1. Ignoring ligands, DNA and RNA, what accessible area per residue does the stretch 13-83 give at 1.4 Å, in Å²?
2. Note the angle between two axes, namely the Cα long axis of helix 44-58 and the longest principal axis of the Cα atoms of the chain, as a number of degrees from 0 to 90, rounded to the nearest 10.
3. Taking the highest mean first, how do the peptides 55-65, 30-40 order by number of other beta carbon atoms within 10 angstrom per residue?
4. Calculate what fraction, in whole %, of the accessible area of the chain sits on carbon and sulfur atoms when a 1.4 Å probe is rolled over the protein chains.
5. To the nearest 10 degrees, how steeply does helix 5-19 sit against the main Cα axis of the chain, on a 0 to 90 scale?
6. Nearest 10 degrees, 0 to 90: what angle lies between the long axis of helix 71-80 and the longest principal axis of the chain (Cα atoms)?
7. Once Rh is set to the Kirkwood radius over Cα pairs, what Stokes-Einstein translational diffusion coefficient, in µm²/s, holds for the chain at a temperature of 37 °C and a viscosity of 0.692 mPa s?
Amino acid sequence: MMHEPREAYENLARIEADFDSYGAGGFYDAIATKSGQVARRHLSLDQAMIMGALGNVLTGGALRRYFTDGEVARRLRPVIAPEVFAPLD
């Protein structure tokens, strides 16, 4: 959306029209494009990613700036410090 907003919008419109992929709660979770089967459930992560992209585009990149100015890292570092990020064996 940030680089090609018209194309992104057209793609979302085609997905909605071709696969009946949009309901009262927003876009459904997933679509098997070969069979056309739609997973008719809504996941908050999916909705948040769409809303985040829209918010970032509509505010001229403000959302991205909020997360890159260092303030978010300073506030989150104490919260995630106890976590150990390592591959599982």
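The values are calculated or read from the model by the stated rules, or taken from the named source; none is laboratory data. Computed from a predicted structure; not experimentally measured. Because the Cβ atoms are built from the backbone with ideal geometry, glycine has one as well, and the counts that use them run over all protein chains shown. These area figures cover heavy atoms from the full protein model, side chains too; ligands, DNA and RNA do not enter into them. Shrake-Rupley method; radii C 1.70, N 1.55, O 1.52, S 1.80 Å.
1. Details: 5440 Å² over 71 residues.
That works out to 77 Å² for each residue.
2. 80
3. Working: 55-65: 13.4, 30-40: 11.6.
Peptide ranking by packing, descending: 55-65, 30-40.
4. Numbers: 4390 of 7340 Å².
Carbon and sulfur together cover 60 percent of it.
5. The two axes meet at around 50 degrees.
6. 80
7. Numbers: Rh = 15.9 Å.
In µm²/s, the coefficient is 207.
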